[in-house]
Amino acid sequence: MIHSRQACWLATLAAPILVSGLAAQSPMFRGGPAHLGVYASPAPSLETLVWKFETAGRVISTPAVVGDLAYVGSTDGALYAVNRADGTQRWKFETEGPIASSPAVSDGMVYVSSLDGNIYAVDIASGTVRWAFATQGERRFTAPGIHGAIPRTERMPDPFDVFLSSPTVVQGTIYIGSGDQHVYALDAATGALKWSFETGDVVHASPAVVDGVVYIGSWDRNLYALDAATGRERWHYTTGNDTTIYNQIGIASSAAVVDGLVFVGGRDGHFHVVAARTGPRRWVHDNKMGWTIASPAVKNGVVYFPTSDGRRFKALDAGSGAVLFDLQNAAISFSSPAIAGDVAYYGSSDGYLNAVDIVHGTLLARFQTDGSKANGGPYTGEDGVFRAGPMYPDRTLDGMMIGMRTMMTVGSVLSSPVVADGVVYFGSTDGRLYAVR
């Protein structure tokens, strides 16, 4: 049965939407340097698959949508330019490592980082490299006996550290983090280093840049505010700690900045809001040990984000932190919400893209990926809840890796959706970039 608001929403979107005016663009992660995740587009109903584009790896990257092309990376090591009209390949640029970074487009170039340790600038017309900047190398967050794995004395990479930092481009400068613990500012035209700032651990969050300040989190638990021109630290804010099993520690979420506030999720089980100018805490929301890996979306004084453990999608008053709604999900989510109109879109690990009415806090629709259709059934209960526990055979690092690889087979949507001209674009671990209306 379709409820009255849902029926009205579907009827409004019944007419086909053409990729013609191309007014709504998303040139970088979260739509722009403030990372608000709000898109000037009609809200798709998720009823119609426009096309799907297949890569040879997993699509964890979030697409950039500019002009008549969508740009996306894959763990097959390639950056793809895909025609928005029909989902065909325009060009392909190959790196030497998986791409779990989201591209940024500016002044005729597309920028992306790779697990091979390089940041690339690629010509958007030809797909050829303009320059490459070599960092000191990528790595994941590591800790002894992470998440309670055995042996407890073995230092292990975190299997859930799945993203790389994505570039933000502002006034001819690229800002990006790296697994080598640094934040970099590079000349967008040449790749020349302007400055670097060293944190205490891996930096896989993506930088928000607002009013001459770079805001970025690190696995060292700190949210940093850096002068965009010089890289000088203005302040840092420290989130919670966990030196027992290293589960409730670090910042993988990318900050959103608006109205003098910085919004960021923590792996410490809390959502944090601090003053943008000087860094004091304004309020903190307790997610009851649930990680917020996703980057929040902020619109009209409300902040929206999903959690992993607990499987929630929440709307909080941006000024006070008061809970406006708290929706139960069928699965955990690392995907950052995209808002178009009164609808929020985000992916989940069960291989679905979800659409939520942000006015009433109700689920409107779900789109199922091919990977979920093929492989999700054995892990989905009669109540519709996705149960990933059986994917993990034991408490070792190997067991966690097997579980993660198994989860990838169900078409998990770790990629964050982008909405443009009434179409939502997102990647899946089944290797496909989807365009859905």
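The values are calculated or read from the model by the stated rules, or taken from the named source; none is laboratory data. As the structure is a prediction and not an experimental result, all values here were calculated from the model. Note: ideal-geometry Cβ built from the backbone for every residue, glycine included; neighbour counts use all protein chains shown.
Does TYR345 satisfy the condition of being outside any loop (DSSP other than H, G, I, E, B), more than 23 Å from VAL213 (Cα to Cα) and among the hydroxyl-bearing types (Ser, Thr, Tyr)?
yes
Going through segment 236-246 one residue at a time, which ones are among the β-branched types (Val, Ile, Thr) and either assigned to a loop (DSSP other than H, G, I, E, B) or in contact with a Cys (Cβ under 9 Å, 6 or more places away or on another chain) (or both)? Step through it out loud before you land on a result.
Taking segment 236-246 and keeping what is among the β-branched types (Val, Ile, Thr), we get 238-239, 243-245.
Passing the criteria: THR239, THR243, THR244, ILE245.
Determine which single condition GLU382 fails, assuming it passes every other condition in (1) within 25 Å of ASP161 (Cα to Cα); (2) among the charged types (D, E, K, R); (3) surrounded by fewer than 24 Cβ atoms within 10 Å (Cβ to Cβ).
(1)
Going through SER165, SER74 one at a time, which residue ends up being buried (at least 24 other Cβ atoms within 10 Å of the Cβ), of a type outside the set (A, V, I, L, M, F, W, C) and touching a His at 6+ places or on another chain (Cβ under 6 Å)? Can you show your working first?
On the way: SER74 fails: touching a His at 6+ places or on another chain (Cβ under 6 Å).
So the residue among SER165, SER74 that is buried (at least 24 other Cβ atoms within 10 Å of the Cβ), of a type outside the set (A, V, I, L, M, F, W, C) and touching a His at 6+ places or on another chain (Cβ under 6 Å) is SER165.
Residues of segment 363-379 being surrounded by fewer than 21 Cβ atoms within 10 Å (Cβ to Cβ) and part of a helix (DSSP H, G or I), which ones?
Residues satisfying the conditions are ASP370, LYS373, ALA374, ASN375, GLY377, PRO378.
So which residues in segment 292-310 are touching a Gly at 6+ places or on another chain (Cβ under 8 Å), of a type outside the set (S, T, N, Q) and within 26 Å of GLU382 (Cα to Cα)?
ASP309, GLY310, listed by residue number.
Do we find a residue being in a loop (DSSP other than H, G, I, E, B) and at pLDDT below 95 anywhere in segment 47-59? Quick ask: steps written out before the conclusion?
Of the residues in segment 47-59, the ones in a loop (DSSP other than H, G, I, E, B) are 47-48, 55-59.
From what is left, the residues that are at pLDDT below 95 are none.
No, that holds for no residue.
For (1) at negative phi; (2) surrounded by 24 or more Cβ atoms within 10 Å (Cβ to Cβ); (3) in a strand (DSSP E or B), each residue gets a yes or a no:
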residue: ILE176; (1), (2), (3): yes, yes, yes
residue: GLY191; (1), (2), (3): no, no, no
residue: LYS194; (1), (2), (3): yes, no, yes
residue: GLY200; (1), (2), (3): yes, no, no
residue: HIS204; (1), (2), (3): yes, yes, no
residue: ASP220; (1), (2), (3): yes, no, no
residue: GLY231; (1), (2), (3): no, no, no
residue: ARG234; (1), (2), (3): yes, no, yes
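Assess whether SER308 counts as being assigned to a loop (DSSP other than H, G, I, E, B), surrounded by 20 or more Cβ atoms within 10 Å (Cβ to Cβ) and in contact with a Phe, Trp or Tyr (Cβ under 9 Å, 6 or more places away or on another chain).
Criteria met by SER308.
Name the residues in segment 376-406 that are in contact with a strand residue (DSSP E or B) (Cβ under 7 Å, 6 or more places away or on another chain) and closer than 30 Å to VAL298 by Cβ, would you?
Passing the criteria: only PHE386.
How many residues are within 15 Å of SER206 (Cβ to Cβ) and out of contact with any Leu (no Cβ under 9 Å at 6 or more places or on another chain) if we restrict to segment 63-78?
Initial filter on segment 63-78 (within 15 Å of SER206 (Cβ to Cβ)): 63-64, 73.
Those still in the list that are out of contact with any Leu (no Cβ under 9 Å at 6 or more places or on another chain) too: 64.
Total meeting the criteria: 1.
Considering only segment 61-99, state which residues are among the aliphatic types (A, V, I, L, M) and either closer than 13 Å to ILE124 by Cβ or assigned to a strand (DSSP E or B) (or both). Let's see the steps before the verdict.
Within segment 61-99, the subset among the aliphatic types (A, V, I, L, M) is 64-66, 69-70, 72, 78-79, 81-82, 85, 99.
Within segment 61-99, ALA64, VAL65, VAL66, LEU69, ALA70, VAL72, ALA78, LEU79, ALA81, VAL82 meet the criteria.
For segment 206-215, does any single residue satisfy the condition of being aliphatic (A, V, I, L, M), surrounded by fewer than 24 Cβ atoms within 10 Å (Cβ to Cβ) and in a loop (DSSP other than H, G, I, E, B)?
no
Which condition from (1) assigned to a loop (DSSP other than H, G, I, E, B); (2) closer than 19 Å to GLY177 by Cα is the one that ARG277 breaks?
Among (1) assigned to a loop (DSSP other than H, G, I, E, B); (2) closer than 19 Å to GLY177 by Cα, ARG277 violates only (2).
Based on this model, can you work out whether ALA256 counts as buried (at least 21 other Cβ atoms within 10 Å of the Cβ), within 19 Å of the chain's Cα centre (by Cα), over 25 Å from THR142 (Cα atoms) and among the small types (Gly, Ala, Ser)? Spell out how you get there, then give the answer.
Working: buried (at least 21 other Cβ atoms within 10 Å of the Cβ): yes; within 19 Å of the chain's Cα centre (by Cα): yes; over 25 Å from THR142 (Cα atoms): yes; among the small types (Gly, Ala, Ser): yes.
Yes; evaluated as a whole, the condition is true for this residue.
Could you count how many residues in segment 118-161 are crowded, with 20+ Cβ neighbours inside 10 Å and either among the acidic types (Asp, Glu) or without any contact (Cβ under 8 Å) to a residue 24 or more places away in the chain (or both)?
Qualifying residue count for the region: 4.
Could you check, for segment 359-375, whether at least one of its residues is at positive phi and in contact with a strand residue (DSSP E or B) (Cβ under 6 Å, 6 or more places away or on another chain)?
In the first step, residues of segment 359-375 are kept if they are at positive phi; the result is 361.
With in contact with a strand residue (DSSP E or B) (Cβ under 6 Å, 6 or more places away or on another chain) added as a condition, the list becomes 361.
Yes, there is a match, as at least one residue in segment 359-375 is at positive phi and in contact with a strand residue (DSSP E or B) (Cβ under 6 Å, 6 or more places away or on another chain).
Need pairs with beta-carbon distance below 7 Å; first residue closer than 20 Å to LEU46 by Cβ and without any contact (Cβ under 8 Å) to a residue 24 or more places away in the chain and within segment 321-347, second charged (D, E, K, R) and not in a strand (DSSP E or B); sequence gap 6+ or separate chains.
The qualifying pairs are GLN328/ARG311.
Please work out if TYR80 is crowded, with 21+ Cβ neighbours inside 10 Å and either in contact with a helix residue (DSSP H, G or I) (Cβ under 6 Å, 6 or more places away or on another chain) or more than 25 Å from PHE197 (Cβ to Cβ) (or both). Show your work before the answer.
Details: crowded, with 21+ Cβ neighbours inside 10 Å: yes; either in contact with a helix residue (DSSP H, G or I) (Cβ under 6 Å, 6 or more places away or on another chain) or more than 25 Å from PHE197 (Cβ to Cβ) (or both): yes.
Criteria met by TYR80.
Taking segment 106-136, which residues are more than 23 Å from the chain's Cα centre (by Cα) and over 26 Å from THR199 (Cα atoms)?
Within segment 106-136, ASP107, GLY108, ASP123, ALA125, SER126, GLY127, THR128, VAL129, ARG130 qualify.
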